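Some notes on the structure that comes next.
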């Protein structure tokens, strides 16, 4: 189910983690009149005070307290990735369904433990692949699946810019522990994980190989890239660097119709409808019959074929509506006893592909997670 959602009965939702992304989730959930926030959890008293005083939300210092007193049907885990596993395991033990943000975890072993715990306790583990619910992405997928682009040959996304090396904003060790995968908010690990999933989803074709180079938390940062090969023969290319300067010319931006994140704007959403975005996030898709430029946050879509260039109409429901659609899709599946729309296994597979990129690097020092992922994959063969 993509953009056809049915009304829900009132459902109680818990939120764990009140960082920047939580503000976007909460704004989206306000669009769902049948969803009630049962409680929010954070270790920062100041964030809890704002949630209670400004938003009127029940607040808790521990997840256990929120599960016991708030009695949610589902908990959205929006903490830094390093804390995902403990939160998911706690929810599973309490018999509460989970929607977990990306990346699912930082090791394949942790992903497997999360999946096993949820399976044992008969709860759902949904993965936060929110790009699948952006309107421009959904329309693009329908066009690709209908054969309007012919055979897909290449997909690419570049996010390169900033104001020199001093402008880099790497995420701290609370987010990505030292010595493991890490980097900036618009880098391979924190942002590219979306595209690793989205490229496969757009085409309906799994990744067969993944190589490249990713930043290691605590090490000097450098440009990151990924080369993906898919079962259908297509190639995916990702390139990220936020410590240089953009080559975009002034007229190459767009008037965006939705908020989002861009290079140099890691921690806050870009202004919404009708504002100029000089460096909009964009996916390029090239096929034998045509191509697409998908401005996923700006909510714009352009199609080129032998007939010329045209703008494709996209429903006027930009980010943060994708987070509302995502939650609604999961809750509909729970209510109607349908398969989880984007199950935790999708997050595990994205994590495995990410770690294969790290494992392929020619750097002398590789994170232990990448070596463990290689051993995990070998056991599957």
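The values are calculated or read from the model by the stated rules, or taken from the named source; none is laboratory data. Just so you know, these numbers come straight off a predicted model, no measurement behind them. Every residue, glycine among them, receives a Cβ derived from its backbone with ideal geometry; neighbour counts consider all protein chains shown.
For segment 320-337, state whether one or more residues are in contact (Cβ under 8 Å) with a residue 40 or more places away in the chain and exposed (fewer than 15 other Cβ atoms within 10 Å of the Cβ).
yes
Within segment 115-138, does at least one residue satisfy the condition of being modelled with pLDDT of 95 or more, within 19 Å of residue 369 (Cβ to Cβ) and surrounded by fewer than 22 Cβ atoms within 10 Å (Cβ to Cβ)?
Scanning segment 115-138, I find at least one residue that is modelled with pLDDT of 95 or more, within 19 Å of residue 369 (Cβ to Cβ) and surrounded by fewer than 22 Cβ atoms within 10 Å (Cβ to Cβ), so the answer is yes.
From the list 253, 264, 192, 236, pick out the single residue that is farther than 21 Å from residue 369 by Cβ and at pLDDT 95 or above. I'd like the intermediate steps shown before the answer.
Details: 253 fails: at pLDDT 95 or above; 264 fails: at pLDDT 95 or above; 192 fails: farther than 21 Å from residue 369 by Cβ.
Unique residue meeting the criteria: 236.
What's the number of the only condition in (1) surrounded by fewer than 19 Cβ atoms within 10 Å (Cβ to Cβ); (2) touching a strand residue (DSSP E or B) at 6+ places or on another chain (Cβ under 8 Å); (3) modelled with pLDDT of 95 or more that residue 95 fails to meet?
It is condition (2) that residue 95 fails.
Hey, among the residues in segment 194-220 that are in a loop (DSSP other than H, G, I, E, B) and out of contact with any helix residue (DSSP H, G or I) (no Cβ under 8 Å at 6 or more places or on another chain), which one's farthest from residue 359 (Cα to Cα)?
Among them, the one singled out is 205.
Give just the number: which of (1) closer than 28 Å to residue 161 by Cβ; (2) part of a helix (DSSP H, G or I); (3) out of contact with any strand residue (DSSP E or B) (no Cβ under 6 Å at 6 or more places or on another chain) does residue 375 not satisfy?
For residue 375, the exception is condition (1).
Please state which one of 149, 154 is over 25 Å from residue 96 (Cα atoms), touching a residue at least 60 places away in the same chain (Cβ under 8 Å) and not in a loop (DSSP other than H, G, I, E, B).
Matching residue, one of 149, 154: 154.
Filter segment 312-366 for residues that are at pLDDT below 95 and not in a helix (DSSP H, G or I) and give the result.
316, 317, 318, 319, 320, 361, 362, 363, 364, 365, 366
So that you can scan it fast, the table gives a plain yes or no per residue for (1) buried (at least 19 other Cβ atoms within 10 Å of the Cβ); (2) farther than 22 Å from residue 320 by Cα; (3) under 23 Å from the mean Cα position of the chain (by Cα); (4) not assigned by TED's automatic domain parsing to the domain that holds residue 88:
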site	(1), (2), (3), (4)
16	yes, no, yes, no
20	no, no, yes, no
29	yes, no, yes, no
36	no, no, no, no
41	yes, no, yes, no
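Can you name the residue in segment 162-192 that is surrounded by fewer than 23 Cβ atoms within 10 Å (Cβ to Cβ) and in contact with a helix residue (DSSP H, G or I) (Cβ under 9 Å, 6 or more places away or on another chain) and is also farthest from residue 132 (Cα to Cα) among such residues?
For segment 162-192, the residue satisfying everything is 179.
Answer with yes or no whether residue 105 is assigned to a loop (DSSP other than H, G, I, E, B), under 23 Å from residue 355 (Cβ atoms) and touching a residue at least 12 places away in the same chain (Cβ under 8 Å). Steps first, please.
Details: assigned to a loop (DSSP other than H, G, I, E, B): yes; under 23 Å from residue 355 (Cβ atoms): yes; touching a residue at least 12 places away in the same chain (Cβ under 8 Å): yes.
So residue 105 fits the description; yes.
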